[in-house]
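Trainee: Before I ask anything, here is the structure I am working with.
The values are calculated or read from the model by the stated rules, or taken from the named source; none is laboratory data. Bear in mind that the values here come from a model prediction, so they are computed numbers and not experimental data. So basically every Cβ, Gly included, is an ideal-geometry build from the backbone, and we count neighbours across all protein chains shown.
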Protein chains: 2
Amino acid sequence: MYALLPSLRVVEASSFVASPTAGLYLAQLGAEVIRFDQIGGGPDFKRWPLSPSGSSLYWEGLNKGKKSIAIDLGRPEGRELAQRLATAPGANAGLLLTNYPVNSFLAHDRLVALRPDLVTVRVMGLADGGNALDYTVNCAVGFPQITGPASLGNEPVNHVLPAWDLLTGAYAAFALLAAERSRRESGKGREVRVPLMDMATATISNLGMIGEVLSTGADRTRYGNQLYGAFGRDFVTADGKRLVIMAITQRQWAGLIESLGLREAVAHVEADRGVNFSKDEGLRFEHRDTLVPLVAQAVAQRNSDELFPDFDARGVCWGPYKGMYEAATDPALVARNPIFSSIEHVSGLTYPTAGAPVTIPEESRGSPIRAPRLGEHTDEVLLELLGLASGEVGSLHDAGVVAGPE
Amino acid sequence: MYALLPSLRVVEASSFVASPTAGLYLAQLGAEVIRFDQIGGGPDFKRWPLSPSGSSLYWEGLNKGKKSIAIDLGRPEGRELAQRLATAPGANAGLLLTNYPVNSFLAHDRLVALRPDLVTVRVMGLADGGNALDYTVNCAVGFPQITGPASLGNEPVNHVLPAWDLLTGAYAAFALLAAERSRRESGKGREVRVPLMDMATATISNLGMIGEVLSTGADRTRYGNQLYGAFGRDFVTADGKRLVIMAITQRQWAGLIESLGLREAVAHVEADRGVNFSKDEGLRFEHRDTLVPLVAQAVAQRNSDELFPDFDARGVCWGPYKGMYEAATDPALVARNPIFSSIEHVSGLTYPTAGAPVTIPEESRGSPIRAPRLGEHTDEVLLELLGLASGEVGSLHDAGVVAGPE
């Protein structure tokens, strides 16, 4: 945790990946993020992966460093309490991050009656309020059909990484700071809606892919592990190590050709076909029929312990394929990586845990903070933030409107 | 474009996806983003996809709404000019977004001599300055081995969506606003380094996957299109339409079972196995051996024109698989989507183009602005921002230190 946003207070009412990720990013840069959930847990409280004891590793990963208050949102008193929380006073507060529906009790229009300068960032599926998840969004914009080897025919390949959720979450954190900055200049709050589907369609626009398919009139071919538009794909060494090699810049290409002793062979291809691969990465893609076998053959003759250091010395852009267990136990990636600390979680497990994924030279990096127990901060939030008397807090507990940790 | 950040001025020195995306998101919320590039174009200026006339649809997608100044960065005078640009005065300026190396002429330490409160956000590969790209990062953390059908054995599946680049770009935009906010409170600038590899390792931590593989001691199985931990995968209707169905919440599951007339069959399985699928999405995953065939058979008996509206009416979470051309020509996704406008680009092509992927109710949404010609704003930036006299600008052109549009 770096203390860039220590004065900021964000109230989060969310579930699943996108909206909780936005809250996580804010908390990891020092904001106070108060997440409220239904007593007993919302729809993501038991989501897989689970620990051996059955608690959600997913929930404890996405809610690190937040405060938790548990409220019975099924009752009017509970919903009113949540509304007061979202709209509590403070120049650096009045910031709601949510994926609740537009017309729920967290509708922006209702909340501005309590705090006119409220900033609401609302993660949605479709902009019209319709259902959409990461997985349906990915299918809607065409990636599954161009992912994976051509041998799959028209069988789609769903991604495992919830990329659209993650992207939407990071964007929502950005949008929240943008709206808060605007409010500091103008005094005006607003609701910013961030629909997953619009993140996806905007992204294919940003990457030039809408222009591409509209000008070609067809989908891109399925190229498997082959990078589109430059040189790159997977190869296997003599000792059976699989790696990815990318040569996008001139320097990466030159280093690769030198390292593999292919200067002459490539020059021969260039002369033969009347092209120059060093200055145009697109030509390396167009002529992959000859370049890929050359590289594959050269890599297959080398052992990884000799080839990989040579690649590094020459600035070749490459990387080994690792299994996730291998990655999680790789000292450079995790145990010795300063963004990680091994901390004990609510599941009872102690494991290496990431803080903010950034490095700020010469500033101290606090340790990551575990996710709360559900309701761990219920009393603290009611007493300190809403300023309730302890008798009032007791009555809310007695009435079952709020709950502490189990 | 929404005018949330109209006073902000960001100087961008970048290439490829991550860093330009951050600049794009800032520009689309109203910031003035000035990108400088080598005269003739940096390493991403000709990147695929290309228009029929050979200009980069990718470049014109990722640089929409920015200003462009072309400088000969191979010469000391050019580099000095770039440094002056990054550190030019203004309370809402002094914000540098770059993927240049730590020790380049854009080293933060050098630039603070010109502007002590500079904020630099630097997108990197590895935190130690080593090479890494989206594709190598993805391989390093284990996703290719768990993506795609089990029939592929241990053959990895690279993703086509540059998910780590996009996530890092959105995070970089967030980090820039966080650092700028901190500077407004404290007067202190800083460099925030955002390495792609740390975004990836932090993400598998955030999603609970590091805890998962360390507690199981093994990689997750390759589940193909099957969602892990709940009910979800692809199915095909009687008329051959492929769709994805997800049932994560209780409501989604109930709607699905009702729509497919499976209430009795599912109750039978529940009685048989002593489980209750409605309250525990994990059980729907554990018992997929029986649930998937039930759903597959029921879907295969229905036609899409009758099934899909029924799904919608019952709140089932589903979506059709679309090719990207089909997506780009889908009126709801693009042509009628208010985030899109059809505009003419530098390539000479006119096509639907996304602005900011957000909706702010009751505020006017400006039209997206095309990417600049390389050097289109060279004179404007030199005259207005750096305050050079027109004679000085002329001399810089004559000396080949800067260039206007070709």
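Trainee: What is the residue count in segment A:253-279 for residues that are in a loop (DSSP other than H, G, I, E, B) and under 14 Å from A:PRO293 (Cβ atoms)? First the steps, then the outcome.
Mentor: Narrowing segment A:253-279 to residues in a loop (DSSP other than H, G, I, E, B): A:260-262, A:274-279.
Right, trim to under 14 Å from A:PRO293 (Cβ atoms) and you get A:260, A:262.
Count: 2.
Trainee: If B:ARG242 meets every condition in (1) surrounded by fewer than 24 Cβ atoms within 10 Å (Cβ to Cβ); (2) within 17 Å of B:LEU283 (Cβ to Cβ) apart from one, which number is that one?
Mentor: Unmet condition: (2).
Trainee: Among the numbered conditions (1) over 24 Å from A:VAL194 (Cβ atoms); (2) of a type outside the set (S, T, N, Q); (3) facing another protein chain (nearest Cβ under 9 Å), tell me where B:LEU26 comes up short.
Mentor: That leaves (1) as the condition not met.
Trainee: To continue, here is another question. crowded, with 23+ Cβ neighbours inside 10 Å and either assigned by TED's automatic domain parsing to the domain that holds A:ALA113 or outside any helix (DSSP H, G or I) (or both): is that true of A:ASP234 in this structure? First the steps, then the outcome.
Mentor: Values: crowded, with 23+ Cβ neighbours inside 10 Å: no; either assigned by TED's automatic domain parsing to the domain that holds A:ALA113 or outside any helix (DSSP H, G or I) (or both): yes.
No: the conditions fail for A:ASP234.
Trainee: Whether any residue in segment B:151-158 is within 26 Å of the chain's Cα centre (by Cα) and either of a type in the set (Val, Ile, Thr) or more than 7 Å from every other protein chain (Cβ to nearest Cβ) (or both) is what I want to check. Can you show your working first?
Mentor: First, pick out the residues of segment B:151-158 that are within 26 Å of the chain's Cα centre (by Cα): B:156-158.
From what is left, the residues that are either of a type in the set (Val, Ile, Thr) or more than 7 Å from every other protein chain (Cβ to nearest Cβ) (or both) are B:157.
Yes, segment B:151-158 contains a residue that is within 26 Å of the chain's Cα centre (by Cα) and either of a type in the set (Val, Ile, Thr) or more than 7 Å from every other protein chain (Cβ to nearest Cβ) (or both).
Trainee: Given the options B:LEU291, B:LEU207, B:LEU227, B:LEU196, name the one that is over 30 Å from A:GLY319 (Cβ atoms) and either in the same structural domain as B:ASN92 (by TED's automatic domain parsing) or out of contact with any Cys (no Cβ under 8 Å at 6 or more places or on another chain) (or both). Before you say what the answer is, go through the steps one by one.
Mentor: Details: B:LEU207 fails: over 30 Å from A:GLY319 (Cβ atoms); B:LEU227 fails: over 30 Å from A:GLY319 (Cβ atoms); B:LEU196 fails: over 30 Å from A:GLY319 (Cβ atoms).
Going through B:LEU291, B:LEU207, B:LEU227, B:LEU196 in turn, just one is over 30 Å from A:GLY319 (Cβ atoms) and either in the same structural domain as B:ASN92 (by TED's automatic domain parsing) or out of contact with any Cys (no Cβ under 8 Å at 6 or more places or on another chain) (or both): B:LEU291.
Trainee: Output the number of residues of segment A:136-146 satisfying the condition of being crowded, with 24+ Cβ neighbours inside 10 Å and touching a residue at least 40 places away in the same chain (Cβ under 8 Å).
Mentor: Of the residues in segment A:136-146, 5 are crowded, with 24+ Cβ neighbours inside 10 Å and touching a residue at least 40 places away in the same chain (Cβ under 8 Å).
Trainee: Within segment B:303-323, does at least one residue satisfy the condition of being under 30 Å from B:ALA13 (Cα atoms) and modelled with pLDDT of 95 or more?
Mentor: Applying the first criterion (under 30 Å from B:ALA13 (Cα atoms)) to segment B:303-323 yields none.
So far as segment B:303-323 goes, no, none of its residues is under 30 Å from B:ALA13 (Cα atoms) and modelled with pLDDT of 95 or more.
Trainee: Then there's this: With respect to A:PRO43, is the statement that it is at negative phi, free of Cβ contacts under 8 Å to residues at least 12 places away in the same chain and either more than 14 Å from chain B (Cβ to nearest Cβ) or over 16 Å from the mean Cα position of the chain (by Cα) (or both) true? Steps first, please.
Mentor: Details: at negative phi: yes; free of Cβ contacts under 8 Å to residues at least 12 places away in the same chain: no; either more than 14 Å from chain B (Cβ to nearest Cβ) or over 16 Å from the mean Cα position of the chain (by Cα) (or both): yes.
It is false that A:PRO43 is at negative phi, free of Cβ contacts under 8 Å to residues at least 12 places away in the same chain and either more than 14 Å from chain B (Cβ to nearest Cβ) or over 16 Å from the mean Cα position of the chain (by Cα) (or both).
Trainee: Next question, about the same structure. Specify which of the listed residues (A:ALA22, A:ALA27, A:ALA31, A:ALA13) is surrounded by 24 or more Cβ atoms within 10 Å (Cβ to Cβ), over 17 Å from A:PRO357 (Cβ atoms) and either in contact with a Ser or Thr (Cβ under 6 Å, 6 or more places away or on another chain) or assigned by TED's automatic domain parsing to the domain that holds A:GLY348 (or both). Explain how you work it out, then say what you get.
Mentor: Working: A:ALA22 fails: over 17 Å from A:PRO357 (Cβ atoms); A:ALA27 fails: over 17 Å from A:PRO357 (Cβ atoms); A:ALA31 fails: over 17 Å from A:PRO357 (Cβ atoms).
Among A:ALA22, A:ALA27, A:ALA31, A:ALA13, only A:ALA13 is surrounded by 24 or more Cβ atoms within 10 Å (Cβ to Cβ), over 17 Å from A:PRO357 (Cβ atoms) and either in contact with a Ser or Thr (Cβ under 6 Å, 6 or more places away or on another chain) or assigned by TED's automatic domain parsing to the domain that holds A:GLY348 (or both).
Trainee: Cβ-Cβ below 8 Å, separation at least six or inter-chain, first residue in segment B:271-284 and outside the structural domain of B:THR249 (by TED's automatic domain parsing), second of a type in the set (Ser, Thr, Tyr): which pairs?
Mentor: Correct list of pairs: empty, since none qualify.
Trainee: What do you reckon, is A:THR216 surrounded by fewer than 24 Cβ atoms within 10 Å (Cβ to Cβ), modelled with pLDDT of 95 or more and among the β-branched types (Val, Ile, Thr)? Steps first, answer last, please.
Mentor: Values: surrounded by fewer than 24 Cβ atoms within 10 Å (Cβ to Cβ): yes; modelled with pLDDT of 95 or more: yes; among the β-branched types (Val, Ile, Thr): yes.
Judged against the criteria, A:THR216 is a match.
Trainee: Name the single residue that is farthest from the other protein chains (Cβ to nearest Cβ) among those in segment B:300-329 being buried (at least 16 other Cβ atoms within 10 Å of the Cβ) and of a type in the set (S, T, N, Q).
Mentor: This residue is B:SER304.
Trainee: Could you list, in sequence order, all residues of segment B:155-195 that are crowded, with 23+ Cβ neighbours inside 10 Å, free of Cβ contacts under 8 Å to residues at least 12 places away in the same chain and not in a helix (DSSP H, G or I)?
Mentor: Those that are crowded, with 23+ Cβ neighbours inside 10 Å, free of Cβ contacts under 8 Å to residues at least 12 places away in the same chain and not in a helix (DSSP H, G or I): B:VAL160, B:LEU161.
Trainee: Identify the residue in segment B:330-358 that is crowded, with 22+ Cβ neighbours inside 10 Å and out of contact with any Ser or Thr (no Cβ under 9 Å at 6 or more places or on another chain) and, among all such residues, is nearest to the other protein chains (Cβ to nearest Cβ).
Mentor: Ranking the qualifying residues of segment B:330-358, first place goes to B:VAL358.
Trainee: Go through segment B:196-220 residue by residue and tally those that are free of Cβ contacts under 8 Å to residues at least 40 places away in the same chain, over 19 Å from A:ALA18 (Cβ atoms) and in contact with a strand residue (DSSP E or B) (Cβ under 8 Å, 6 or more places away or on another chain).
Mentor: 4
Trainee: With the structure loaded, tell me whether A:THR378 is β-branched (Val, Ile, Thr) and at the interface with another protein chain (Cβ under 8 Å from one of its Cβ atoms) or whether it fails that test.
Mentor: Working: β-branched (Val, Ile, Thr): yes; at the interface with another protein chain (Cβ under 8 Å from one of its Cβ atoms): no.
In short, no.
Trainee: Which members of segment A:221-233 meet the condition of being touching a residue at least 60 places away in the same chain (Cβ under 8 Å) and more than 7 Å from every other protein chain (Cβ to nearest Cβ)? Steps first, answer last, please.
Mentor: To start, the set of residues in segment A:221-233 that are touching a residue at least 60 places away in the same chain (Cβ under 8 Å) comprises A:221-226, A:231.
Residues satisfying the conditions are A:THR221, A:ARG222, A:TYR223, A:GLY224, A:GLN226, A:PHE231.
Trainee: Listed residues A:PHE36, A:PHE45; which is assigned by TED's automatic domain parsing to the domain that holds A:GLY348, buried (at least 24 other Cβ atoms within 10 Å of the Cβ) and among the aromatic types (Phe, Trp, Tyr)? Step through it out loud before you land on a result.
Mentor: Working: A:PHE45 fails: buried (at least 24 other Cβ atoms within 10 Å of the Cβ).
After applying the criteria, what remains is A:PHE36.
Trainee: While we're here: Within segment B:258-290, which residues are of a type in the set (Val, Ile, Thr) and either over 21 Å from B:GLN301 (Cβ atoms) or crowded, with 18+ Cβ neighbours inside 10 Å (or both)?
Mentor: So in segment B:258-290, the residues of a type in the set (Val, Ile, Thr) come out as B:266, B:269, B:275, B:290.
Correct list: B:VAL266, B:VAL275.
Trainee: For segment B:150-187, give me each residue that is over 13 Å from B:THR21 (Cα atoms) and in contact with a helix residue (DSSP H, G or I) (Cβ under 7 Å, 6 or more places away or on another chain).
Mentor: Within segment B:150-187, B:ASN154, B:PRO156, B:VAL157, B:ASN158, B:HIS159, B:VAL160, B:LEU161, B:LEU177, B:ALA178, B:ARG181 qualify.
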